[in-house]
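Colleague: Right, I'll just put the structure down here and ask away after.
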Amino acid sequence: MSRFIASCCALASLFAAGMVGGQRPPSFVLIVADDLGYADVGFHGCRDIPTPNLDRLAASGVRCSHGYVSHSFCSPTRAGLLTGRYQQRFGHEMNPPYAPDNPAIGLPTNEVTIAAILRARGYVSGLVGKWHLGAAPPFHPLARGFDEVFGFLGGGHHYFPEKWTGETEYTTPLIRNRQPVEEREYLTRALGREAAAFVERHRARPFFLYLAFNAPHTPMQAPAEVEERFRAISNPTRRTYAAMVAVMDEQIGRVLDALRRSGIESNTLVMFLSDNGGPTGVNASSNEPFRGAKGQVYEGGIRVPFVLAWPGRLPAGVVYEHPVSSLDLAPTMAALAGATMPTGRPMDGVNLMPYLLGERTDPPHAVLFWRQQGSRPWAIRAGPLKLLASVGQGEPELYDLAADLGERRDLAAERPADVHALRAQWEAWNAQLVPPKWESPRAGQPRREGRGAPRPTAR
Ligand code: CA
């Protein structure tokens with residue numbers, strides 16, 4: 001709660017300084033990639049997949065080099081992202097089975113999304129893309145604060161319309177609000193088109209656009225003419241992955257162009273991150289220089305490309321090196337909109353603006369925590385130290401990330417006092433959590449390092 005109060009104080013100071021008061025509050029574009037590797041963007045040095053639009057976004061804002069998600073796979077990260085709270089506090093710790101008739105499997109309805117919070121401040125909110133927070137009516141995005149929806153409710157989707165036969169979670173027709181629609185475009189392009197149209201439609205008022213691409217998540221499907229551009233890549237899976245990332249980047253450019261064309265670029269905070277690390281063995285993504293992949297709590301599973309850009313307000317071309325969390329984005333938006341996050345419950349994310357503006361030089365988080373599947377894997381990061389416990393292994397491992405980015409040298413035996421202190425901190429946090437509300441057999445499978453999600457239909 002003290003962080004929440006600090007956020008309010010920071011906001012009050014912004015108002016007092018006249019930096020927010022009297023002006024239209026900013027609009028927000030939150031762009032999420034699905035299973036994108038840390039190394040697979042130009043601004044992290046990627047060489048075989050150009051991402052010019054993401055690079056220009058990063059160059060126009062702040063790149064958080066220690067940007068973390070609160071989970072190493074899809075749905076729990078999204079639950080934390082939209083609520084600002086560790087999702088294990090409310091049992092959202094597994095991917096939800098696709099269950100359109102089950103009103104017990106989805107983001108618990110007593111949790112409040114940032115869309116609902118912004119709505120109370122007059123924002124219009126749109127989801128374009130993947131929901132994955134429950135498919136039954138109580139969990140529909142229109143019931144959770146969004147005013148407009150275009151996309152799909154499940155955890156993934158085929159990319160070519162001819163596959164959309166409606167037989168499985170991945171082949172449902174796309175929906176506009178609650179109605180199925182006929183769509184002819186490659187999915188990623190359809191999402192970009194709809195996102196740009198949302199920007200243009202609502203340019204005269206504050207809006208929140210949640211653009212949740214399913215790219216470059218499986219199934220590996222890309223337009224042939226784009227794949228052709230990557231014929232120099234010898235690994236056929238990475239060739240398709242490269243084309244999927246390229247189309248996503250092209251569509252992000254389309255949205256950035258829409259902001260510019262609408263004349264609202266300087267009044268819009270754009271945020272970009274991946275929902276988890278790349279499942280390297282599945283979609284041929286790369287999390288270099290990190291160890292591990294999606295599903296794991298090594299850096300490769302939880303540290304992601306993470307950018308905030310707001311031309312004229314945030315510094316441009318800057319790297320921010322204190323750890324930040326996906327949990328921070330909802331509280332940041334709320335503070336900028338002059339809204340308050342829900343009270344009477346722990347709020348784990350913090351408003352990042354005072355930190356990114358250099359008004360505060362201390363780290364936004366003294367510690368960050370992870371827990372999956374009700375027990376393991378788990379992790380805690382405090383300063384440069386990280387203690388983690390993997391699935392199916394024994395004692396926790398201790399790493400000093402300042403000296404060992406790749407988590408190769410386990411210091412646990414050498415530094416028992418650090419192990420003890422970090423474990424005690426993690427246990428104190430763990431004692432605040434509830435058990436997972438549902439099971440996900442696939443999510444419960446231990447994953448071999450570097451292999452990521454075990455099969456193509458994994459969410
Ligand atoms: Ca994902």
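Colleague: Which condition number in (1) within 16 Å of the ligand (Cβ to nearest atom); (2) more than 26 Å from L256 (Cβ to Cβ); (3) part of a loop (DSSP other than H, G, I, E, B) is the one that E167 fails?
Modeller: (1)
Colleague: Among the listed residues A334, A293, A316, A339, which satisfies the condition of being modelled with pLDDT of 95 or more, within 18 Å of the chain's Cα centre (by Cα) and in a loop (DSSP other than H, G, I, E, B)?
Modeller: A293
Colleague: If you don't mind, another one. Where the second residue is among the hydrophobic types (A, V, I, L, M, F, W, C) and within 15 Å of the ligand (Cβ to nearest atom) and the first is within 18 Å of P141 (Cβ to Cβ) and part of a loop (DSSP other than H, G, I, E, B) and lies in region 69-94, which pairs have Cβ atoms under 7 Å and are six or more apart or on separate chains?
Modeller: Pairs that qualify, where the first residue is within 18 Å of P141 (Cβ to Cβ) and part of a loop (DSSP other than H, G, I, E, B) and the partner is among the hydrophobic types (A, V, I, L, M, F, W, C) and within 15 Å of the ligand (Cβ to nearest atom), are H92/A79.
Colleague: Could you tell me whether any residue of region 259-277 is part of a helix (DSSP H, G or I) and under 19 Å from the mean Cα position of the chain (by Cα)?
Modeller: Checked against the condition, which is being part of a helix (DSSP H, G or I) and under 19 Å from the mean Cα position of the chain (by Cα), region 259-277 yields no hits at all.
Colleague: When the residues of region 360-386 are narrowed to those that are among the basic types (K, R) and over 13 Å from N430 (Cα atoms), which ends up surrounded by the most Cβ atoms within 10 Å (Cβ to Cβ)?
Modeller: Residue satisfying both the conditions and the ranking: R381.
Residue-by-condition table, conditions (1) touching a helix residue (DSSP H, G or I) at 6+ places or on another chain (Cβ under 9 Å); (2) over 15 Å from R254 (Cα atoms):
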{"residue": "H158", "(1), (2)": "yes, yes"}
{"residue": "T165", "(1), (2)": "yes, yes"}
{"residue": "T168", "(1), (2)": "no, yes"}
{"residue": "P180", "(1), (2)": "no, yes"}
{"residue": "T188", "(1), (2)": "yes, no"}
{"residue": "L191", "(1), (2)": "yes, no"}
{"residue": "E194", "(1), (2)": "no, no"}
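Colleague: Under the condition of being in contact with a strand residue (DSSP E or B) (Cβ under 8 Å, 6 or more places away or on another chain) and hydrophobic (A, V, I, L, M, F, W, C), which residue from region 268-300 is farthest from the ligand (Cβ to nearest atom)?
Modeller: L269
Colleague: Here's another thing I want to ask about it. Do the conditions hold for E194, that is, is it farther than 17 Å from M244 by Cβ and surrounded by fewer than 20 Cβ atoms within 10 Å (Cβ to Cβ)?
Modeller: Answer is no for this residue.
Colleague: Can you tell me which residue within region 77-92, out of those that are in contact with a Pro (Cβ under 9 Å, 6 or more places away or on another chain) and within 15 Å of the ligand (Cβ to nearest atom), is nearest to G278 (Cα to Cα)?
Modeller: A79
Colleague: Related question: Would you mention how many residues in region 342-365 are under 21 Å from the mean Cα position of the chain (by Cα) and assigned to a loop (DSSP other than H, G, I, E, B)?
Modeller: So the count comes out to 11.
Colleague: Restricting to region 191-249, what's the tally of residues that are polar (S, T, N, Q), assigned to a loop (DSSP other than H, G, I, E, B) and farther than 30 Å from A330 by Cβ?
Modeller: Of the residues in that region, 3 qualify.
Colleague: Could I ask something else about it? Scan region 179-195 for residues that are closer than 10 Å to V128 by Cα and touching a Leu at 6+ places or on another chain (Cβ under 6 Å) and jot them down.
Modeller: The one that is closer than 10 Å to V128 by Cα and touching a Leu at 6+ places or on another chain (Cβ under 6 Å): A195.
Colleague: If the Cβ limit is 7 Å and pairs must be 6+ apart or interchain, which residue in region 123-135 that is without any contact (Cβ under 8 Å) to a residue 40 or more places away in the chain pairs with which residue that is not small (G, A, S)?
Modeller: Between residues of region 123-135 that are without any contact (Cβ under 8 Å) to a residue 40 or more places away in the chain and residues that are not small (G, A, S), the close pairs are G134/P96; G134/I105; G134/L107; A135/Y98; A135/P100; A135/L153.
Colleague: So for region 150-165 (the condition being polar (S, T, N, Q) and under 22 Å from R78 (Cα atoms)), does at least one residue qualify?
Modeller: No - not one qualifying residue is present in region 150-165.
Colleague: For region 119-138, how many residues are buried (at least 24 other Cβ atoms within 10 Å of the Cβ) and not in a loop (DSSP other than H, G, I, E, B)?
Modeller: Residues that pass the stated criteria total 6.
Colleague: Please determine, by comparing only the residues of region 50-62 that are crowded, with 24+ Cβ neighbours inside 10 Å and touching an Asp or Glu at 6+ places or on another chain (Cβ under 8 Å), which one is nearest to F198 (Cα to Cα).
Modeller: Result: L54.
Colleague: If I ask for residues that are of a type in the set (A, V, I, L, M, F, W, C) and in a loop (DSSP other than H, G, I, E, B), which ones from region 40-60 would you list?
Modeller: Across region 40-60, the qualifying residues are V41, C46, I49.
Colleague: Let me ask something else about it. How about region 392-434: which of its residues are in a helix (DSSP H, G or I) and surrounded by fewer than 17 Cβ atoms within 10 Å (Cβ to Cβ)?
Modeller: Listed by number, the residues that qualify are P416, A417, D418, H420, A421, A424, Q425, E427, A428, N430.
Colleague: Got a number for residues in region 341-366 being in contact (Cβ under 8 Å) with a residue 60 or more places away in the chain and among the hydrophobic types (A, V, I, L, M, F, W, C)?
Modeller: 5
Colleague: Right, something else. Have a look at A389, A309, A334 and point out the one that is farther than 20 Å from C74 by Cβ and surrounded by fewer than 23 Cβ atoms within 10 Å (Cβ to Cβ).
Modeller: A389
Colleague: Please specify each residue of region 26-41 satisfying the condition of being of a type outside the set (A, V, I, L, M) and within 14 Å of the ligand (Cβ to nearest atom).
Modeller: D34, D35, G37, Y38, D40
The values are calculated or read from the model by the stated rules, or taken from the named source; none is laboratory data. Everything quoted here is computed from the prediction, not taken from an experiment. Note: ideal-geometry Cβ built from the backbone for every residue, glycine included; neighbour counts use all protein chains shown.
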